[in-house]
Amino acid sequence: MIPVGAHTPSDQPLVEAAARNADLVQIFLSSPQSWKKPNPRADAEELKKASLPIYVHAPYLINVCADNNRVRIPSRKILQETCDAASEIDAVAVVVHGGHVTGDGPQEEGITRWRKALEALDTEMTVLIENTAGGDKAVARRVEWIKKLWEEIGEFGVGFVLDTCHSWAGGEPFEELVERVMDATGRIDLVHANDSKDPFDSRRDRHQNLGQGECPTEALAATIAAAGAPVVVETPGGAEEQAADIEWVRSIL
Ligand SMILES: [Zn+2]
């Protein structure tokens, strides 16, 4: 049985998981839009003891590929801090967006910067790099670039998160997507099962509940099933809507 869960509010992840009948949860450990390091959690021991797998999503503003070192260096720092905090609760892994080159330099610089970020990272925590919807010169939007990225950083043992909203909005068709990603990375560790409010290749990152967005429903379902990895829904609404999305995923697995 493939576990299926949701990205939930982070205050009481075990309660949130139960409210969604989720097999796992994904949470932030600090504000997703802030450089502030995660606070120690009062419930760390409780989360450690819980049998529920917990994935941690690193802040959105991380961009280890940025030209500006006032973004790139804090990105490395908070990735380290997030991995440390995730270790404190025995999380399964930390998910981080691939990022993109922001200046005039070539896209390849982003891949070199990922190597430097991973060389500096000191953690036992598994890091999972997620494909993104937008960003010119993004290192993890198109599969051809994911392949180049993995040729450079695969040796660090990082994993891959396939987000179905991001692949669609980022301009990657669902046709043989799992096969093409597997050819690039050799692994899919987690699926972010999201529909999209926007059309193909719109490069917009707006998630929608499953079966209610612009993604062709059959191809979306087939892709989620083919990936064969644990699934997190990061869909709009509260517990009720996400519980329905979790059931949707279970029904197509
Ligand atoms: Zn995602």
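Suppose R0 equals 22 Å. What FRET efficiency, 1/(1 + (r/R0)^6) with r the Cβ-Cβ distance, do I252 and R204 give to the nearest 0.05? The partial results should precede the final answer.
Details: r = 25 Å, r/R0 = 1.12.
FRET efficiency, I252 to R204: 0.35.
So what J values fall out for region 229-246 if you push phi through Karplus, 6.51 cos²θ - 1.76 cosθ + 1.60 with θ = phi - 60°, rounded to Hz, Gly and Pro as x?
Going residue by residue, I get 10, x, 10, 10, 8, 10, 9, x, x, x, 4, 5, 5, 6, 4, 5, 5, 4 Hz, with x marking Gly and Pro.
Quote the relative contact order of the chain in percent (integer), defining contacts as alpha-carbon pairs under 8 Å separated by 6+ residues. Can you show the working numbers first?
Working: 577 pairs, mean separation 44.3, N = 253.
Taking the mean separation of contacting Cα pairs over the length of the chain, I get 18 percent.
Collect residues whose amide H, placed 1.01 Å from N in the peptide plane, falls under 5 Å from the amide H of V95; neighbours closer than 5 in sequence don't count.
Residues meeting the amide H criterion: V56, H57, A58, L128.
Provide the convex hull volume over Cα atoms per residue for region 27-235, in Å³. Write down the numbers at each step before the final one.
Numbers: hull volume 23.2 nm³, N = 209.
So the per-residue hull volume is 111 Å³.
Using DSSP, restrict attention to beta bridges with both residues in region 27-235 and report what percent are antiparallel, rounded to the nearest 5. Mind dumping the intermediate values first?
Details: 3 of 20 bridges.
In region 27-235, approximately 15 percent of DSSP beta bridges are antiparallel ones.
Along region 158-173, what does the Karplus equation 6.51 cos²θ - 1.76 cosθ + 1.60 (θ = phi - 60°) give for ³J(HN,Hα), rounded to whole Hz, x for Gly and Pro?
Rounded to whole hertz, the list is 6, x, 10, 10, 9, 9, 6, 5, 5, 5, 5, 5, x, x, 9, x.
On a C-alpha basis, how far is the centre of region 16-69 from the centre of region 136-181 in Å? Whole number, if you could?
Cα centroid to Cα centroid, the span is 22 Å.
Cα to Cα, under 24 Å, and not fewer than 8 places away if on the same chain: which lysines meet these conditions relative to K49?
Within the straight-line limit of under 24 Å, K49 reaches these lysines: K37.
Assuming 1.002 mPa s and 20 °C, estimate D for region 194-253 with Stokes-Einstein, Rh taken as the Kirkwood radius over Cα pairs, in µm²/s. List each step's numbers first, then the result.
Details: Rh = 11.8 Å.
Estimated via Stokes-Einstein, D reaches 182 µm²/s.
Enumerate the calculated ³J(HN,Hα) couplings along region 2-12 in order (Karplus 6.51 cos²θ - 1.76 cosθ + 1.60, θ = phi - 60°), each rounded to whole Hz, writing x wherever the residue is Gly or Pro.
Couplings: 7, x, 10, x, 9, 7, 10, x, 8, 5, 9 Hz.
Give the cross-link partners of K147 among the lysines, using a straight C-alpha distance below 28 Å as the criterion and excluding same-chain residues fewer than 8 apart.
K77, K116, K137, K197
Go ahead and run the numbers for FRET between Q107 and Q12, Cβ-Cβ distance against an R0 of 45 Å, rounding to 0.05. Display every interim value, and only then the final one.
Working: r = 41 Å, r/R0 = 0.91.
Calculated value: 0.65.
Apply 1/(1 + (r/R0)^6) to the Cβ-Cβ distance of D183 and E155, taking R0 = 25 Å, and write down the FRET efficiency to the nearest 0.05.
Working: r = 18 Å, r/R0 = 0.70.
E(calc), rounded to 0.05, equals 0.90.
Return the long-range amide H neighbours of D163 (sequence gap of 5 or more, or a different chain), with a cut-off of under 5 Å between placed amide H atoms.
Those lying under 5 Å, H to H, from D163 are N131, H192.
Plugging the Kirkwood radius over Cα pairs into Stokes-Einstein for region 163-222, at a temperature of 4 °C and a viscosity of 1.567 mPa s, what D comes out in µm²/s?
Details: Rh = 11.4 Å.
Approximately 113 µm²/s, per Stokes-Einstein.
Ranked from highest to lowest mean number of other Cβ atoms within 10 Å per residue, what is the order of the peptides 46-55, 228-237? Numbers along the way, then the final one.
On the way: 46-55: 15.3, 228-237: 20.2.
Averaged packing, sorted descending, gives the order 228-237, 46-55.
Pull up all non-local amide H partners of G5: gap of 5 or more, or a different chain, and H-to-H distance under 5 Å with H placed in the peptide plane.
Under 5 Å from the amide H of G5: D23, L24, V231, V232, V233.
No value in this document is a laboratory result; all are computed from the given coordinates. Quick caveat, the model's predicted, so the values are computed rather than measured. Heads up, the Cβs are rebuilt from the backbone with ideal geometry, glycines too, and the neighbour counts pull from every protein chain shown.
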